[in-house]
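Structure first, then comments.
Each reported figure results from applying straightforward, stated rules to the coordinates on display, with no laboratory input. These numbers come from a predicted model, not from an experiment. Cβ sites come from the backbone with ideal geometry, for glycine too, and all protein chains shown count toward neighbours.
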Amino acid sequence: MAEENQDQQNGANNMRPEIRNEEQHDTVPTMTSFINQQIPQVKHMEEEKKHNKELSSIKFWLIVLCTVFTCSMLSGIYLIINPTGNTTQVIEKESEEKQPLKFFKNSNSKEGAVVVNIRGEISESSDNSAFSSKQNASSVARRIRELADKKEVKALLLDINSPGGTVAAVQDIYNALNYFRSQKKPVVALMRDVAASGGFYIAMAADKIVAQPGTMTGSIGVIMQTTNAQELLKKIGVDFNAVKSGQNKDIGAIYKELTPEQKLLLQEMIDETYQQFFEAVRKGRPNMDVNTLRIYADGRVFTGAKAQTLGLIDGLGGEEKAKEYLSELTGIKDIKILNQKSKFMEDLFLPFSNLAESSTALKQIAKPQTPALAYMLNL
């Protein structure tokens with residue numbers, strides 16, 4: 001009996017370690033798996049925090065860049081709208097600081113000349129965008145008249161690089177320049193690469209004209225272009241019907257050819273506007289022989305050197321020559337240009353201007369332009 005109890009006790013003792021080993025074996029894998037589950041979550045949280053931090057940094061710099069760009073845009077727009085006033089204030093401040101040193105040779109540093117740029121085709125553009133590729137004539141004419149009424153503005157430098165434009169738009173700027181001169185303030189025209197046809201017309205309102213020897217100028221004349229797509233429209237099966245009040249109401253339409261009578265009507269209009277151009281040149285160049293002018297006023301172009309020989313311009317050179325004429329006409333030695341500014345904004349807007357020009361070209365291809373009288377150089 002005692003031996004049986006002893007055997008049972010030994011059996012029980014032998015089984016207990018096995019139970020502990022099983023319990024320990026079951027417990028260890030459970031803790032390990034728990035730790036293994038937690039490690040990826042911790043890593044994910046750290047990566048998420050790092051990613052959020054990077055996003056916050058990117059957002060911060062984007063906000064800073066947008067703010068700087070917006071401020072630059074607003075400053076540029078303000079300078080474009082009111083360049084003379086801003087520059088005058090700067091010159092006035094500099095004058096007060098440097099007057100004891102006699103930095104300015106003018107008797108009054110607030111007085112000087114202003115620059116008005118004529119760039120590209122001159123027209124009354126329907127595109128009011130800041131990135132328009134055309135010169136808006138009414139805006140330029142309005143600004144010239146405003147400058148004429150400013151006491152500090154003593155002269156105007158007309159900087160031209162244009163092949164011309166529509167008749168009425170060119171005449172609008174020409175009349176504004178005559179108003180400027182009527183205020184006893186001289187105008188000097190500076191021709192760049194091209195100052196032809198309408199660009200040449202507005203230069204005739206200047207007291208003095210300067211060009212480079214290789215400047216392309218002249219092209220005194222008028223042109224009106226129409227498109228006749230009648231045969232093309234027939235081939236693609238397109239027909240137009242016009243209900244009109246008179247036989248000439250659709251003159252110049254693309255779906256029909258001009259009749260001899262209609263060509264005569266248009267020629268009379270061309271001749272009238274040509275005579276207006278001729279009279280503007282004759283008035284602007286009073287010392288030139290009329291018969292000689294009649295010979296060269298046939299639409300031909302010539303260089304700046306040839307124009308000087310004919311008496312159509314006064315001198316050859318660039319900005320320095322133009323400033324010499326300004327000083328001579330105003331009596332202000334070493335005359336200051338009040339609205340000279342950095343070309344930063346011009347360079348900034350150049351890509352947008354190119355896009356606008358491309359867009360305009362596409363629109364012209366898609367929709368033919370309305371026939372218009374133009375003082376335009378066509379090459």
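The loop-placed GluC sites (Glu not before Pro) in segment 252-325, going by DSSP, that have at most 15 neighbouring Cβ atoms within 10 Å of their Cβ come out as GLU257. In terms of surrounding Cβ atoms within a 10 Å radius of their Cβ, LEU377, LEU266, LEU338 rank from fewest to most as LEU266, LEU377, LEU338. Simple spin-label estimate for SER139 and ILE63 gives 3.4 nm between the two label positions (7 Å along the Cα-to-Cβ direction from each Cα). When LEU232, LEU158, LEU373 are sorted by how many other C-beta atoms sit within 10 angstrom of their C-beta, beginning with the fewest, the order is LEU232, LEU373, LEU158. Annotation: amide H of ASN339 within the under-5 Å range of VAL115, sequence separation 5 or more or interchain, hydrogens built in the peptide plane.
Of the trypsin sites (Lys or Arg not before Pro) found in segment 227-267, those in coil by DSSP whose Cβ has at most 11 other Cβ atoms within 10 Å are LYS244, LYS249. Per-residue packing, averaged as other Cβ atoms within 10 Å, sorts the ranges 174-187, 200-213 into the order 200-213, 174-187, beginning with the highest. Cross-linked pairs LYS110/LYS184; LYS283/LYS333; LYS185/LYS208; LYS235/LYS263; LYS184/LYS306; LYS185/LYS336: Cα-Cα separations exceed 21 Å for LYS283/LYS333; LYS235/LYS263; LYS184/LYS306. Of the trypsin sites (Lys or Arg not before Pro) found in segment 270-342, the ones in coil according to DSSP and having at most 12 other Cβ atoms within 10 Å of their Cβ are ARG300, LYS333.
Neighbour counts of C-beta atoms inside 10 Å place MET269, MET224, MET191 in the sequence MET269, MET224, MET191, starting with the fewest.
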